[in-house]
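Novice: Have a look at the structure that comes next, please.
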Amino acid sequence: MKHQTLDQLQALADVNPLVPLTTKTEKIERWAELLDRDPLRCLAALTGTEYLYPGMREEARAAGSPLTVAFEDPLLRASGLQSDTYGEARRFFELSDWELHEIVCSCHAGATMQASWAAQRVRKILTGNRIFAWLRSRFVR
């Protein structure tokens, strides 16, 4: 093993420090991009999130879910994503239960979904019908 100074290593290495994402839009767009990298990847859905008690919903997770794809990303983790649980995703991406349910629940996709389908649902949060979103925020809690 050859000893090298930090200056020598920096000259050799292509080091790009991770700049954390700060806005909801940046985080959600990154999540959609990650899902689109492998559009045919088969992802697991979470079962019956709307029927879980709030505490159980917070801790709900499924190995290989769209939430797992997000948590596998070093940039999202550097930006503050702490796990691939439903509650953590809701907090980190600043989503309502209704929005996250639309992405990850089995009642919309069945037991599994393709990553491209999940990416479309994630993007729909940013581009969805604003009138329906406003109505939901007023009447559905």
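The values are calculated or read from the model by the stated rules, or taken from the named source; none is laboratory data. Please read these numbers as outputs of a predicted model, since none were measured by experiment. Note that we place each Cβ from the backbone using ideal geometry, even for glycine, and neighbour counts take in every protein chain shown.
Novice: If you go through the range 12-34 one residue at a time, do you hit one that is small (G, A, S), touching an Asp or Glu at 6+ places or on another chain (Cβ under 9 Å) and either surrounded by 11 or more Cβ atoms within 10 Å (Cβ to Cβ) or in contact (Cβ under 8 Å) with a residue 60 or more places away in the chain (or both)? Give the derivation first.
Specialist: Step one: filter the range 12-34 for residues small (G, A, S), giving 13, 32.
Checking which are touching an Asp or Glu at 6+ places or on another chain (Cβ under 9 Å) leaves us with none.
No - not one qualifying residue is present in the range 12-34.
Novice: Let me ask something additional. Give the residues of the range 26-41 that are among the acidic types (D, E) and closer than 18 Å to E94 by Cβ, sorted by residue number. Show your work before the answer.
Specialist: The initial filter retains those residues of the range 26-41 that are among the acidic types (D, E), namely 26, 29, 33, 36, 38.
Listed by number, the residues that qualify are E26, E29, E33.
Novice: Within the range 78-120, can you find the residues that are of a type in the set (D, E, K, R), buried (at least 16 other Cβ atoms within 10 Å of the Cβ) and under 11 Å from the mean Cα position of the chain (by Cα)?
Specialist: Passing the criteria: D84, E88, R90.
Novice: A further question follows. Within the range 70-117, which residues are assigned to a helix (DSSP H, G or I), touching a strand residue (DSSP E or B) at 6+ places or on another chain (Cβ under 7 Å), modelled with pLDDT of 95 or more and closer than 16 Å to C42 by Cβ?
Specialist: If we filter the range 70-117 for residues that are assigned to a helix (DSSP H, G or I), which is where we start, we get 70-71, 74-78, 86-92, 97-104, 106-109, 115-117.
Subset that is touching a strand residue (DSSP E or B) at 6+ places or on another chain (Cβ under 7 Å): 86, 104, 106, 115.
If we keep only those that are modelled with pLDDT of 95 or more too, we end up with 86, 104, 115.
Residues satisfying the conditions are V104, A115.
Novice: Go through the range 59-82 and report how many residues are under 21 Å from D38 (Cα atoms) and polar (S, T, N, Q).
Specialist: Final tally of qualifying residues: 2.
Novice: Against the definition (surrounded by fewer than 18 Cβ atoms within 10 Å (Cβ to Cβ), closer than 20 Å to L21 by Cα and of a type in the set (A, V, I, L, M)), how does L75 come out, yes or no? Even if it seems obvious, please write down each step before you answer.
Specialist: Working: surrounded by fewer than 18 Cβ atoms within 10 Å (Cβ to Cβ): yes; closer than 20 Å to L21 by Cα: yes; of a type in the set (A, V, I, L, M): yes.
The answer is yes for L75.
Novice: Going residue by residue through the range 119-128, is there one that turns out to be β-branched (V, I, T), modelled with pLDDT of 95 or more and either closer than 27 Å to P20 by Cβ or assigned to a helix (DSSP H, G or I) (or both)?
Specialist: Let us first name the residues in the range 119-128 that are β-branched (V, I, T), namely 122, 125, 127.
Still in the running and modelled with pLDDT of 95 or more: 122.
So of that shortlist, the ones also either closer than 27 Å to P20 by Cβ or assigned to a helix (DSSP H, G or I) (or both) come out as 122.
Scanning the range 119-128, I find at least one residue that is β-branched (V, I, T), modelled with pLDDT of 95 or more and either closer than 27 Å to P20 by Cβ or assigned to a helix (DSSP H, G or I) (or both), so the answer is yes.
Novice: Evaluate the following for R136: is it at pLDDT below 95, out of contact with any helix residue (DSSP H, G or I) (no Cβ under 8 Å at 6 or more places or on another chain) and surrounded by fewer than 19 Cβ atoms within 10 Å (Cβ to Cβ)? It would help to see each step written out before you state the result.
Specialist: Working: at pLDDT below 95: yes; out of contact with any helix residue (DSSP H, G or I) (no Cβ under 8 Å at 6 or more places or on another chain): no; surrounded by fewer than 19 Cβ atoms within 10 Å (Cβ to Cβ): yes.
No.
Novice: Suppose we keep only residues that are without any contact (Cβ under 8 Å) to a residue 12 or more places away in the chain and not in a helix (DSSP H, G or I) within the range 38-67. Which one would you say is nearest to the chain's Cα centre (by Cα)?
Specialist: Taking the range 38-67 first, the residues without any contact (Cβ under 8 Å) to a residue 12 or more places away in the chain are 51-56.
Among the residues that remain, those that are also not in a helix (DSSP H, G or I) are: 52-53.
Working: L52: 20, Y53: 22 Å.
Residue satisfying both the conditions and the ranking: L52.
Novice: Pairs under 6 Å by beta carbon, first residue free of Cβ contacts under 8 Å to residues at least 60 places away in the same chain in the range 112-124, partner surrounded by fewer than 21 Cβ atoms within 10 Å (Cβ to Cβ), six or more apart or different chains?
Specialist: Matching pairs, first to second residue: R121/E102.
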